[in-house]
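In what follows, a single structure is set out as structure tokens and then discussed.
Just so you know, all these numbers are worked out from the coordinates, no wet-lab data involved. Please read these numbers as outputs of a predicted model, since none were measured by experiment. When we count neighbours, we look across all protein chains shown, and the Cβ atoms used for this are built from the backbone with ideal geometry, even at glycine.
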Amino acid sequence: MDKPHNKSIETLSPFKTGRKSLAIGGIIVLLIAVSPFVFYSYRSFPDDSQVWETSIWSFTTLFPSWYAFAWYAVGKVVPLYLMLLWFFTCKHWWHWIILVPIAMYSFQLWGVINESNQLDELEIYYLIPLIMVLVPAVYLIRAKLFSKVRGDDLKTFEKELLEKKTPWQQVKELFR
């Protein structure tokens, strides 16, 4: 008896991957592995004053010290870049909802860069419109997928998922 051909298992085999996918995977692993070192890089900033002077330039911050500024900034940059990495490498249908924490960390990082006095307080007001658009859109995608699964046979559904489509074609298909 022959086994049915399952392409998803075939693509997961470590022996069938190409050099390009191995290189990309290696870069992704390196970016994740470096994240603790990037996070603790704030320790290399000066801790004694608000002015950071070198022979080339001089910077002043409103934070108590450059150490504090770097601690706040790195605390926003590292989760942001890990979320972006997750968003761009995720193959699941729900990956669009990851934009909500990405936007949250982006607004928080913007507050740190602008040296706002209200750090991590006003971001929710900027996120509400994004959440109001993303959550229904992700729910529509979910509803569309489940109606396809229940209505069509799984082979047609799998064939449709494997088709290459532009993002605009995907959005148009959601509302047909």
Problem set entry | Label-point separation in nm, K91 to I128, each point 7 Å along Cα→Cβ | 3.9 nm
For this session: Starting from the Cα gyration tensor of the range 39-176, take the square roots of the eigenvalues, sort them a ≥ b ≥ c, and report rounded, prolate or oblate (rounded when a/c is under 1.5, otherwise prolate if a/b is larger than b/c, else oblate).
Result: prolate
For this session: Pull out the extension gain between I32 and E158, defined as 0.36 nm times the separation in residues minus the alpha carbon to alpha carbon distance; nm, one decimal.
Result: 42.3 nm
Exercise. Along the positive direction of the dipole of the range 7-174 (beta-carbon charges: Lys, Arg +1; Asp, Glu -1; about the Cα centre), which of W71, F146, V34 reaches farthest?
Worked result: F146
Exercise. Of the cross-linked pairs K91/K172; K91/K155; K20/K172, which ones have a Cα-Cα span greater than 26 Å in the structure shown?
Worked result: K20/K172
